[in-house]
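Chemist: Provided herewith is a single structure, encoded as structure tokens, for subsequent inquiry.
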Amino acid sequence: MSDPAERIARFRALHAGPEAFILGNAWSIGSARRLAAMGYAAIGTSSAALAEELGLEDGQVGRDRVLAHAAELAAATDLPVSADLEEGFGPHPHDCAETIRGAIATGLAGGSIEDFTGDPARPIHDFGTAVARVAAAAAVVRESGTGFVLTARAENFAWGRNDLTDTIARLRAFEEAGADVLFAPNLPDLDAVRAVCTAVRRPVNVLMGLGSPGWRLAALQAAGVRRASLGPALARTAEEAWTAAARAALKAGSFAYGRAVAERFANAG
């Protein structure tokens, strides 16, 4: 098993490499190992996927459980793991600092902090607070000397605040505050993606979830993207597939899924 420093070095190198890469978001030890076996170079966690697995709403899991889950995934493979650390598990800069301190101690290669408040009625932190939170997280990374990869997320478009100017201003400020990777979920089109990538110097992550446009990785790379993450998309796809199979068995007495899975395994072998 590789040590945390080596994983961090590999994770940083992926962001600096000649091609964009995909962060495969896992939700379990088994899914992390399958992604590694397929050839993914790095794994991410997903707060939404974890919450759904535990029967909770996104945002209800809590820092300790999120970090414990991330540690399980980090121990399951030799791949770098970057954790979805939500809004830092508290509204204040010191909350974000404590979360990043815990993530580094867990042996993760990276993690993300959002400017989401946790309150859908007032979803986005004011500009100054958002920047201070990222700065506090970045200060912990610097003090650690680990090279932990800090991703800062501007959540405007995820919460119906479709203001590209403000989003870019936030990402620029997060960059100046010390973030290593910049991320604005749910950008509406490739022109917006290109505008974000052009406006900043740090690598940009784009979310490719179930509702995302049908962009290919090559198009994202051409727009300047360095990393594409999958969020809860893989977990929800798996959930839909086994739910349909279980419903067919219970309601219709149909076990056709068995033949379909057997055929897939046979073809894969």
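Chemist: How many of the residues in region 102-139 are of a type in the set (Ser, Thr, Tyr) and in a loop (DSSP other than H, G, I, E, B)?
Modeler: So the count comes out to 1.
Chemist: Quick check on this structure: which one of Ala249, Ala219 is at pLDDT 95 or above and more than 19 Å from the chain's Cα centre (by Cα)?
Modeler: So the residue among Ala249, Ala219 that is at pLDDT 95 or above and more than 19 Å from the chain's Cα centre (by Cα) is Ala219.
Chemist: To continue, here is another question. Within region 2-13, is there a residue that is without any contact (Cβ under 8 Å) to a residue 60 or more places away in the chain, in the same structural domain as Ala68 (by TED's automatic domain parsing), in a helix (DSSP H, G or I) and buried (at least 23 other Cβ atoms within 10 Å of the Cβ)?
Modeler: Looking for residues that are without any contact (Cβ under 8 Å) to a residue 60 or more places away in the chain, in the same structural domain as Ala68 (by TED's automatic domain parsing), in a helix (DSSP H, G or I) and buried (at least 23 other Cβ atoms within 10 Å of the Cβ), one finds none in region 2-13, hence no.
Chemist: Against the definition (modelled with pLDDT of 95 or more and either outside the structural domain of Ala132 (by TED's automatic domain parsing) or under 30 Å from Ile29 (Cβ atoms) (or both)), how does Asn205 come out, yes or no? If you could, list the steps in order and put the result at the bottom.
Modeler: Working: modelled with pLDDT of 95 or more: yes; either outside the structural domain of Ala132 (by TED's automatic domain parsing) or under 30 Å from Ile29 (Cβ atoms) (or both): yes.
Answer is yes for this residue.
Chemist: Please go through region 81-124 and give me each residue that is of a type in the set (Lys, Arg) and either in contact (Cβ under 8 Å) with a residue 12 or more places away in the chain or surrounded by 18 or more Cβ atoms within 10 Å (Cβ to Cβ) (or both), ordered by number.
Modeler: Arg101
Matching residues to (1) over 16 Å from the mean Cα position of the chain (by Cα); (2) at pLDDT below 95:
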| site | (1), (2) |
| --- | --- |
| Gln60 | yes, yes |
| Arg65 | yes, no |
| Leu79 | no, no |
| Gly90 | yes, no |
| Asp95 | yes, no |
| Thr99 | no, no |
| Ala103 | no, no |
| Leu108 | no, no |
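Chemist: Scan region 125-143 residue by residue and report those that are touching a Pro at 6+ places or on another chain (Cβ under 7 Å) and either surrounded by 22 or more Cβ atoms within 10 Å (Cβ to Cβ) or outside the structural domain of Ala97 (by TED's automatic domain parsing) (or both).
Modeler: Passing the criteria: Arg133, Ala136.
The values are calculated or read from the model by the stated rules, or taken from the named source; none is laboratory data. Note that the structure is a prediction, hence the values are computed from the model and not measured. We place every Cβ from the backbone using ideal geometry, glycine too, and count neighbours over all the protein chains shown.
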